[in-house]
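Readers should treat all values here as calculations from the given coordinates under stated rules, not as data from a laboratory. As the structure is a prediction and not an experimental result, all values here were calculated from the model. In this analysis, Cβ positions are derived from the backbone assuming ideal geometry, glycine residues included, and neighbour counts consider all displayed protein chains.
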Amino acid sequence: MSSIADVQATQEESGLVRRSRLAVVALAWLFAAGVVVQVFLVGLSVFESASHWEDHAAFGRWLGLIPIPLMLVALVGHLPLRLIVIAAALIVLYGVQYLLATADAGYLAALHPVNALALFWLSVQLGAQTRGLLNRPS
């Protein structure tokens with residue numbers, strides 16, 4: 001038989017899991033929106049003025065702060081392994097994104113926007129699939 005303390009602890013953990021999953025959804029969609037902003041900023045630098053290039057670079061550095069707390073709340077939210085792998089992939093691909101932006105070889109650096117598509121797609125998938133888990137038990 002469960003004690004009242006056990007029931008309360010389970011309810012508190014359940015609340016923490018739900019809040020963590022909500023945070024995953026919010027951070028994943030925020031990251032996806034940030035990728036869209038990045039595309040807009042690079043478009044501004046190409047079609048409006050090259051002075052916007054630094055905006056693209058600076059915003060990209062700030063955007064890179066999202067995947068780490070995203071990974072942490074994914075773990076606290078007891079997400080399925082496939083979603084934790086996606087969260088980890090965002091961290092890895094963000095690192096790759098930075099390396100591609102600074103690559104000397106043009107063909108290698110040209111993968112920078114392709115990798116941005118992967119970052120966008122993975123973050124949308126993570127947000128959507130986690131949203132589907134919100135009303136399920138951990």
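Brief remarks on what is shown
- Candidates PRO69, LEU22, SER45 compared by Cα position along the dipole of the chain: farthest toward the positive end lies LEU22, with charges placed on Cβ.
- Taking 0.36 nm per residue of sequence separation and removing the Cα-Cα distance, the GLU48/ILE91 pair yields an extension gain of 12.4 nm.
- Within the chain, helix-based [θ] at 222 nm, where runs of 4 or more DSSP H residues each add -39,500 (n - 2.57), nearest 500: -27000 deg cm²/dmol
- Percentage of interatomic Cα-Cα distances in the chain larger than 22 Å: 45
- Once the Cβ-Cβ distance of TRP62 and ASP104 is raised to the sixth power relative to R0 = 30 Å, the FRET efficiency obtained is 0.75.
- For the chain, a simple Cβ point-charge model (Lys and Arg +1, Asp and Glu -1, everything else neutral) yields a dipole of about 440 debye relative to the Cα centre.
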